[in-house]
1. What number goes with the only condition from (1) more than 30 Å from residue 185 (Cβ to Cβ); (2) at pLDDT 95 or above that residue 68 does not pass?
2. If a residue counts only when it is buried (at least 16 other Cβ atoms within 10 Å of the Cβ) and small (Gly, Ala, Ser), which helices (runs of 4 or more DSSP H) contained entirely in the range 38-138 have at least 2 such residues?
3. Restricting to the range 96-125, count the residues that are free of Cβ contacts under 8 Å to residues at least 40 places away in the same chain and either farther than 19 Å from residue 150 by Cβ or of a type outside the set (A, V, I, L, M, F, W, C) (or both).
4. Go through the residues of the range 98-117 one by one and say whether even a single one is basic (Lys, Arg) and touching an Asp or Glu at 6+ places or on another chain (Cβ under 7 Å).
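The values are calculated or read from the model by the stated rules, or taken from the named source; none is laboratory data. These figures come from a predicted structure and were not determined experimentally. Virtual Cβ from ideal backbone geometry, glycine too; neighbours counted across all protein chains shown.
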Amino acid sequence: MARAGLTAERVTIAGAELADEVGLDQVTMSQLARRLGVRDASLYTHVRGLEDLRGRIALLAADEKTIRIAEATSGRAGKDALVAFANAWREYAHEHPGRYTATQTPIQIDPELAAKATGPRRAVELTYGMLRGYGLAEPDLTDAVRLLRSTFHGFVALEAAGGFANERSPQHSWIRALDALHTLLEHWPPSREGDSS
């Protein structure tokens, strides 16, 4: 019998907190059960297993990160929006490393659960909307989205791993990277012939 008050949402939040503390790949169902003060078997009433839990953490994190980015970029355009977007992304990654990892890792998610989730879809809409402010259209929009995601994720992943050993502050490099991205987005190179797919 499931412990009173234990729900899929509570299990997911506890799993997300544990992921932030120990790393997503270190989370086990046994650890989570101990944290919640229940037997391992009790968790399976609410989540189907570790992969399901990771998928739920990913959806929770996508919602949280998207809300933060939406609030940061509201009413902004151009470089203002780009900087606010990027800073919100980076701050979330710093504050919630386990949850952030879940948003960047291909995970099997229950299709029914994924269909109800608004975070991932809203994240795409926010990103494309911000980039349309630079006058970009397809296929350049998709290329620019991939560039931003690669830059933001690469920077925060290297930063988290201690990959910036130079004495120059990573914050200075972050600011300069955003300056460079803004300049590139304003002067996006024209598409090549036949480059529509």
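1. Status for residue 68: all satisfied but (1).
2. Correct list: 50-73, 78-95, 97-104, 119-132.
3. 7
4. yes
Each row is one residue, and each column tells you yes or no for (1) closer than 22 Å to residue 103 by Cβ; (2) part of a helix (DSSP H, G or I); (3) touching a Phe, Trp or Tyr at 6+ places or on another chain (Cβ under 8 Å); (4) of a type in the set (A, V, I, L, M, F, W, C).
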| site | (1), (2), (3), (4) |
| --- | --- |
| 149 | yes, yes, no, no |
| 153 | yes, yes, no, no |
| 163 | yes, no, no, no |
| 166 | no, no, no, no |
| 174 | yes, yes, yes, yes |
| 177 | yes, yes, yes, yes |
| 180 | no, yes, no, yes |
| 188 | no, no, yes, yes |
| 191 | no, no, no, no |
